[in-house]
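Colleague: First, the structure itself, so that you have it in front of you.
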Amino acid sequence: MRADGNVLIRARRLRKNMSLPEVMLWRCLRGRGDGKPVFRRQHPLGPYVLDFYCAAASLCVEIDGGGHGFGDRPGQDARRDAYLRNLGIETLRLNASEVIAHTQSIADGVVAEAVARAHRPLPPSGPPPP
């Protein structure tokens, strides 16, 4: 699914102005090789910009600051998660303060989850066999 022009512009701006927890996690997730899954940062998808996205694992990683628990934010997050789930993308939400405090161990967990998801067999398509 492609994103519209406004979402692309917003994604580019967010890549240039990442939050501290995003920068810290990105330093651990970036890079390729050694069987490590490929992550994209500030990836536009439909009407949203995903903090991190691993296409091979259909995994979105979101870093939530303190504001995500207040006001209409929980409802917005639930709608976003449902939208992504309908596309077959699972959302992993991380607390920003935990990312800052335990960056490497959280990054290791994210990579492990992506590897596990990427190697899961796909559900069969079509009707079940007779």
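Colleague: Name the single residue that is farthest from Ala118 (Cα to Cα) among those in the range 9-49 being without any contact (Cβ under 8 Å) to a residue 24 or more places away in the chain and either in contact with a strand residue (DSSP E or B) (Cβ under 7 Å, 6 or more places away or on another chain) or buried (at least 19 other Cβ atoms within 10 Å of the Cβ) (or both).
Modeller: Arg40
Colleague: Still on this structure: Looking for whichever is more than 24 Å from Ile9 (Cβ to Cβ) and in contact (Cβ under 8 Å) with a residue 12 or more places away in the chain here; the options are Ala55, Ala107. Which one fits?
Modeller: One residue alone meets the criteria, Ala107.
Colleague: So, Val99, is that one in contact with a Lys or Arg (Cβ under 9 Å, 6 or more places away or on another chain) and either part of a loop (DSSP other than H, G, I, E, B) or modelled with pLDDT of 75 or more (or both) or not?
Modeller: Values: in contact with a Lys or Arg (Cβ under 9 Å, 6 or more places away or on another chain): no; either part of a loop (DSSP other than H, G, I, E, B) or modelled with pLDDT of 75 or more (or both): yes.
For Val99, the condition - in contact with a Lys or Arg (Cβ under 9 Å, 6 or more places away or on another chain) and either part of a loop (DSSP other than H, G, I, E, B) or modelled with pLDDT of 75 or more (or both) - is not met.
Colleague: Please work out if Gly65 is touching a helix residue (DSSP H, G or I) at 6+ places or on another chain (Cβ under 8 Å), at pLDDT below 85 and more than 20 Å from Arg120 (Cα to Cα).
Modeller: yes
The values are calculated or read from the model by the stated rules, or taken from the named source; none is laboratory data. Nothing here was measured: the structure is a model prediction, and the numbers come from that model. Positions of Cβ are generated from backbone atoms using ideal geometry, with glycine treated the same way; all protein chains shown enter the neighbour counts.
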